[in-house]
Amino acid sequence: MIDLKTMTILVVDDMKSMRLTLRKMLRNLEIGKELLFADNGKSGLSVLKKSSCDLLIVDWNMPEMNGSQMLAYLRRDPNIRDIPVIMVTAENERDIVAEAAEHEVEGYLLKPLTLASLDTKIKSVVEAANHPEQAKLHLLEARACEETGNIEGAIDETRKALRLKPNASRILRKLGLLYLEIQKLEIGEKCLQKAVAVNPQDTISRSHLAKLYINKRAFKQAAQLYMEILSFSTRYFDSAVHLGETLLINGFRNEARTLFSRIMSKSRSNRMLQERIIDLCLDNQEYGFVTEMVAQAVKDNPANLDLLYKAGTIYLETGDQEKALECFVTVDDNRRGDIKTKLQIARIHFNNKHILQADDYLNRILRIDPTNKEALELRQRV
């Protein structure tokens with residue numbers, strides 16, 4: 001049993017001011033006898049290896065190892081996985097709530113904290129830990145069965161928990177995954193579908209269901225699920241891009257375009273991801289579609305010269321030499337020593353019979369690299 005006054009609490013937060021604030025608040029509330037502190041998830045895990053704690057108060061956004069990463073490690077370690085956790089964050093976003101749910105966080109608080117909110121949350125979390133619901137006890141027994149390989153026993157205990165909480169998406173999801181483990185795919189699918197139905201924001205069940213559909217080659221259903229996932233969360237970009245590539249390869253081009261458009265609109269600050277999508281579309285000859293994406297990406301990231309160069313090559317592929325030239329000239333103005341870009345400009349001028357302009361850029365190249373073969377060969381044709 002956890003005693004509110006004598007328990008040990010570990011506070012994990014990278015801000016010293018926040019650690020001091022929490023210490024003062026807990027002292028004022030007369031909660032916790034021993035307070036331990038860590039400045040990121042990695043150091044928090046080190047503390048847990050040396051000290052026994054009754055409750056963790058963990059900040060979400062920290063350097064080196066954030067709250068989510070710390071929880072992932074925590075829940076995998078049998079010695080510390082059942083310590084109740086209260087997640088604290090200043091970011092009121094759906095992504096964070098979904099990820100907290102994935103790691104089964106017992107409580108969730110938004111900054112700035114108040115004495116009343118902290119007091120209420122800690123007391124409710126400790127009460128739940130001291131007097132767990134019967135459904136929780138069945139789930140713990142199910143976990144024990146699963147870890148010994150008794151999947152049928154785990155299913156039986158999970159079903160008992162579900163009877164007590166029939167609309168709990170987390171329990172439905174767990175039951176579905178257990179059925180999938182013993183290859184009862186149809187039952188597993190129905191459980192995951194119900195988990196999604198009872199909790200429209202359950203991105204985790206959707207992702208598992210999408211994997212099932214991909215394995216069944218039901219790509220349209222998988223694409224629809226990812227469209228829904230991306231409405232709630234930005235944590236599934238990589239798997240969504242992979243699905244988009246699979247859709248292209250298997251001929252579902254309209255679905256791939258729709259999915260890529262959604263990802264691009266949600267990831268405008270993620271240049272690497274956007275360039276990856278553009279490259280995938282280029283590899284699969286989606287020139288018309290990729291032109292629209294690149295135009296928007298360049299608009300969102302006008303200082304990204306690599307992206308601007310790529311836009312120029314795409315405009316060349318689609319026959320728009322004027323726009324291509326505009327992109328290459330802008331890149332060249334900002335990267336004076338870039339021979340590759342100067343060659344592109346020289347070729348466009350040569351193809352348009354602008355001999356003087358082509359010769360000017362060839363001279364610029366040869367001043368940098370007098371032995372450049374491509375420039376010398378083009379010079380012979382000018």
In region 352-370, what count of residues is obtained for those that are open to solvent by 100 Å² or more (accessible area, probe 1.4 Å) and either closer than 18 Å to Ala324 by Cβ or not in a helix (DSSP H, G or I) (or both)?
1
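Going by what's in this entry, would Ala197 be described as in a helix (DSSP H, G or I), among the small types (Gly, Ala, Ser), surrounded by fewer than 17 Cβ atoms within 10 Å (Cβ to Cβ) and free of Cβ contacts under 8 Å to residues at least 40 places away in the same chain?
Working: in a helix (DSSP H, G or I): yes; among the small types (Gly, Ala, Ser): yes; surrounded by fewer than 17 Cβ atoms within 10 Å (Cβ to Cβ): yes; free of Cβ contacts under 8 Å to residues at least 40 places away in the same chain: yes.
For Ala197, the condition - in a helix (DSSP H, G or I), among the small types (Gly, Ala, Ser), surrounded by fewer than 17 Cβ atoms within 10 Å (Cβ to Cβ) and free of Cβ contacts under 8 Å to residues at least 40 places away in the same chain - is met.
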Could we say that Leu225 is in contact with a Lys or Arg (Cβ under 7 Å, 6 or more places away or on another chain) and either open to solvent by 60 Å² or more (accessible area, probe 1.4 Å) or part of a helix (DSSP H, G or I) (or both) here?
yes
Out of all the residues in region 230-266, which are aliphatic (A, V, I, L, M) and closer than 19 Å to Arg217 by Cα?
Ala240, Val241, Leu243, Leu247, Leu248, Ile249, Ala256, Leu259
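Matching residues to (1) within 18 Å of Leu109 (Cβ to Cβ); (2) assigned to a strand (DSSP E or B); (3) touching a residue at least 24 places away in the same chain (Cβ under 8 Å); (4) open to solvent by 10 Å² or more (accessible area, probe 1.4 Å):
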site: Thr6; (1), (2), (3), (4): no, no, yes, yes
site: Leu10; (1), (2), (3), (4): yes, yes, yes, no
site: Met18; (1), (2), (3), (4): yes, no, yes, yes
site: Thr21; (1), (2), (3), (4): yes, no, yes, yes
site: Ile31; (1), (2), (3), (4): yes, no, yes, no
site: Lys42; (1), (2), (3), (4): no, no, yes, yes
site: Asn61; (1), (2), (3), (4): yes, no, yes, yes
site: Met70; (1), (2), (3), (4): yes, no, yes, no
site: Asn79; (1), (2), (3), (4): no, no, no, yes
What pairs can you find where one residue is in region 245-260 and assigned to a helix (DSSP H, G or I), the other is among the polar types (S, T, N, Q), and their Cβ atoms are less than 7 Å apart, with a gap of 6+ or different chains?
Leu248/Asn284
Identify all residues within region 206-222 that are under 25 Å from Val290 (Cα atoms) and either under 13 Å from the mean Cα position of the chain (by Cα) or open to solvent by 60 Å² or more (accessible area, probe 1.4 Å) (or both); write none if there are none.
Lys220, Gln221
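Suppose we keep only residues that are of a type in the set (D, E, K, R) and at pLDDT below 95 within region 106-132. Which one would you say is farthest from Val85 (Cα to Cα)?
Of the residues in region 106-132, the ones of a type in the set (D, E, K, R) are 106, 111, 119, 121, 123, 127.
Among the residues that remain, those that are also at pLDDT below 95 are: 106, 111.
Working: Glu106: 5, Lys111: 16 Å.
Checking each candidate, the answer is Lys111.
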Which of the residues that make up region 283-297 are open to solvent by less than 30 Å² (accessible area, probe 1.4 Å) and among the hydrophobic types (A, V, I, L, M, F, W, C)?
Phe289, Val290, Met293, Val294, Ala297
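The values are calculated or read from the model by the stated rules, or taken from the named source; none is laboratory data. Since this is a predicted model, take the numbers as computed values, not measurements. As a convention, Cβ positions derive from the backbone with ideal geometry for all residues, glycine included, and neighbour counts pool all protein chains shown. Side chains included, ligands, DNA and RNA excluded: accessible areas come from the protein's heavy atoms. Shrake-Rupley method; radii C 1.70, N 1.55, O 1.52, S 1.80 Å.
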